[in-house]
């Protein structure tokens, strides 16, 4: 930058007669110093190249290393002497944050940037393990429901009615923390919490018990707790649990989902009395889409007194955004209160706490695969959040230089990060290698070999579930095993009936899509089968989580082809898991069941062709109807009356009736002669239509 120095104009410099000479001398000195620096830089560059070539062939001995170290130590001393003279004329050296083009640092390898988590994510509260079985030997030292000091008598009675004797580890950790946080005096707000625990570990009761217990003393009925879940089936399950807890109290619970009519739900939510709306429920369990419907369509539905906001399966709700329900909730709440959920982040001080006390709901997030992405969690605007997790080993952050980059890439198991995907300890994972064309037959052989009476089989799409269910029903036709489909192609009513028959034991196996893979609790499932390898580790965790629930043992089997094996193994290894034991079926299954398998495939092919032909016929019929409708619109005589035309005709009839009444009421006039009654518009149109038909 010295070449571009500008000699500023001042009076002293103008007065000196030999000012120009001084300026030229300064520029010459600067040029000489820059040339010296360039020569030194070239010399260093050559030396480094020589050293790199030597290290590739042989390792330098210790004596040569010492000599090079002495030379390197002498060079900074010489540079310091030359730079002392330069400091007087040169400006300050540039910051290290900027890259110097052509410098020595450009040849060095860059350090890799490591992930830095927020403090509350990096230092969670560890949930201690333990056996989840109620009658296990490990639970003999655990307090029973009656011995727990922080539970009310009504809560204990409801839990006994639900046949629960002990609290699970997640519940023992989270429930007292919520109760204590809510007991703090004003203006101290409770910290929001995130709970990451395996499927079947009792997360629903972990938030349901403290909410019901804290709201049981309420006087006026208002919506004070809102529980948001991603799917209607899971919402129904949580609604039943909360309703069972509220059976000993006066609290009212309401379920909002698209399985019911909006008008019926509105009647359950609010009532109008003397021109004012009153809430009829205390706790609302809903899906995001249905919540948005009621926020815009239900008059009197107010969340001004909201005290708890529970988001179950938080990772899926944050990923899918679900019609941006949080935005609609924010906009609705802003109308009722002053920035209840959204708004700017105010500084944490006593005055701010005092001003916002009682206006912010306590947010509780629960999931088996909770995201560790701070950007996604930021959208929820958590207040001083705290994380409860079942992860036991924390990551060790190391600075990775260019030399260690290769080792860092190979070492995938560098510790379990927060949000690590965990599965129950009672779960046994296995896999089976098969060919793609023999997958249905392999599934049939596995069920017959191990005599599984209650199993779930997951596919990656609804179409695949539909086809596989048809083939399996054909294969099990002569057996006592009954198989049914459970996918998004079916209506909600049919899905509920199928699930009820499966729970009662009328159906042995369900071929389903991933709609059932989250949170649905079906007791005593022997095995979970993945017909296709899951695309993401989250899907795998929620699939296998349908078994080994509440401490019971379970098995998960994944059917893989040779091509799928490497990708599935890498997906598990990335999160510190292994594939498990390999199981095999008889290699002669194709020969043994050739006839019935061929019959099933032919039946499937015939059904697919029939459905395809039906779709083509429906498509042609729709196109023909559209063409006829277009022709009717072009010809105004043939087209049907519009709604406005019908209203106009009706208004004309009313006017004629009024005119007739006035005529009848008026005095009769002498008859001048017979005259035909005037035709109405309706009669004219009827005549025209009759003429066209003839």
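Among the conditions (1) over 30 Å from residue 229 (Cβ atoms); (2) assigned by TED's automatic domain parsing to the domain that holds residue 439; (3) surrounded by 11 or more Cβ atoms within 10 Å (Cβ to Cβ); (4) within 35 Å of the chain's Cα centre (by Cα), residue 570 misses just one, which is (3).
Please determine, by comparing only the residues of region 456-469 that are over 16 Å from residue 441 (Cβ atoms) and assigned to a strand (DSSP E or B), which one is nearest to the chain's Cα centre (by Cα). The residue in question is 458.
Annotation note: of 409, 379, the sole residue that is at pLDDT below 90, assigned by TED's automatic domain parsing to the domain that holds residue 170 and either within 28 Å of the chain's Cα centre (by Cα) or over 17 Å from residue 533 (Cβ atoms) (or both) is 379.
Selection of helices (runs of 4 or more DSSP H) fully inside region 581-688 by the criterion of at least 3 residues being under 24 Å from residue 466 (Cα atoms) and either in the same structural domain as residue 557 (by TED's automatic domain parsing) or at pLDDT 70 or above (or both) returns 594-634. The criterion of at least 1 residues that are without any contact (Cβ under 8 Å) to a residue 60 or more places away in the chain and farther than 22 Å from residue 542 by Cα is met, among strands (runs of 3 or more DSSP E) falling completely within region 215-317, by 253-256, 270-273, 276-279.
The values are calculated or read from the model by the stated rules, or taken from the named source; none is laboratory data. Keep in mind that what you see is a predicted model, and the values were worked out from it rather than measured. Glycine also receives a Cβ, built like all others from the backbone with ideal geometry; neighbour counts cover every protein chain displayed.
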